[in-house]
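Bear in mind that the values in this text are calculations on the coordinates, not laboratory data. The structure displayed is predicted, hence computed values, not measured ones. In this analysis, Cβ positions are derived from the backbone assuming ideal geometry, glycine residues included, and neighbour counts consider all displayed protein chains.
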Amino acid sequence: MKLIQTFLFTFLLTVVFSCKKEDKGPAENNGLVGKWKLVESLLDPGDGSGTFRKVDEIASTVVEFKANGDFKEVKGPIYSSINVYNTYKILDDKRVELSLRNNPQMQMPPMIWYYREVTPTSLTLGFGCDKPCEGKFVVIK
C-alpha cells in the first residue's frame, strides 16, 4: 500500500511541477486604447520625399490611451520636453484630441493627432505638424 501511495504522490508532484503557465500570446489593444511604443517615424521636409525610418531606443516614445480617457506620453531620454496633455477624446475615426485636465494655471489649447491603420498590434499616428510627421507604433504590455 505504501508503494502505491508513494507512486501516486510522486506522479502528482511530477504533473504539478511540469505544467507550464499558459502563454497568452502577444499583447493586443482595443482600438486606440492601450500602450503603444514608437518604432518608426516620418519627418517629411514638406515636398513628399520623406520616408519612415527606424527609431533608436533613446528616441522612442511610449503613448498610452486608457479606457477612462486618460492619456500618458513618455518620451525617450534624448527629449527634454515633457508632455502636458493628460486626457484624450476620440473625435471621429481619424482624429483624437489631446487636452489638459485639472490644471487652471496652464492654458494649453487642445492638440489634434490623426490616426490610421489601427490594428490590435499596430497603429500609425500623425502628430499635427505643419509638415507631414507621423509615427508607427506597436503594442506593448
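So which residues in the range 87-141 are closer than 19 Å to Asp56 by Cα and assigned to a loop (DSSP other than H, G, I, E, B), if there are any at all?
Across the range 87-141, the qualifying residue is only Phe127.
If we keep just the residues of the range 65-84 that are of a type outside the set (Val, Ile, Thr) and not in a loop (DSSP other than H, G, I, E, B), which is nearest to the chain's Cα centre (by Cα)?
For the range 65-84, the residue satisfying everything is Phe65.
Among the residues of the range 87-134, which ones are among the acidic types (Asp, Glu) and surrounded by 12 or more Cβ atoms within 10 Å (Cβ to Cβ)?
Matches in the range 87-134: Glu97, Glu134.
For residues that are outside any loop (DSSP other than H, G, I, E, B) and not small (Gly, Ala, Ser), scanning just the range 27-36, find the one that is surrounded by the most Cβ atoms within 10 Å (Cβ to Cβ).
Trp36
Looking at (1) touching a residue at least 40 places away in the same chain (Cβ under 8 Å); (2) touching a Ser or Thr at 6+ places or on another chain (Cβ under 8 Å), which is the only condition Phe71 fails?
Failed condition: (1).
Please enumerate the residues belonging to the range 37-69 that are farther than 20 Å from Pro120 by Cα, exposed (fewer than 14 other Cβ atoms within 10 Å of the Cβ) and not β-branched (Val, Ile, Thr).
Correct list: Pro45, Gly46, Asp47, Gly48, Ser49, Arg53, Lys54, Asp56, Glu57.
From the list Leu125, Leu100, pick out the single residue that is within 13 Å of Leu43 (Cα to Cα) and among the hydrophobic types (A, V, I, L, M, F, W, C).
Answer to the selection: Leu125.
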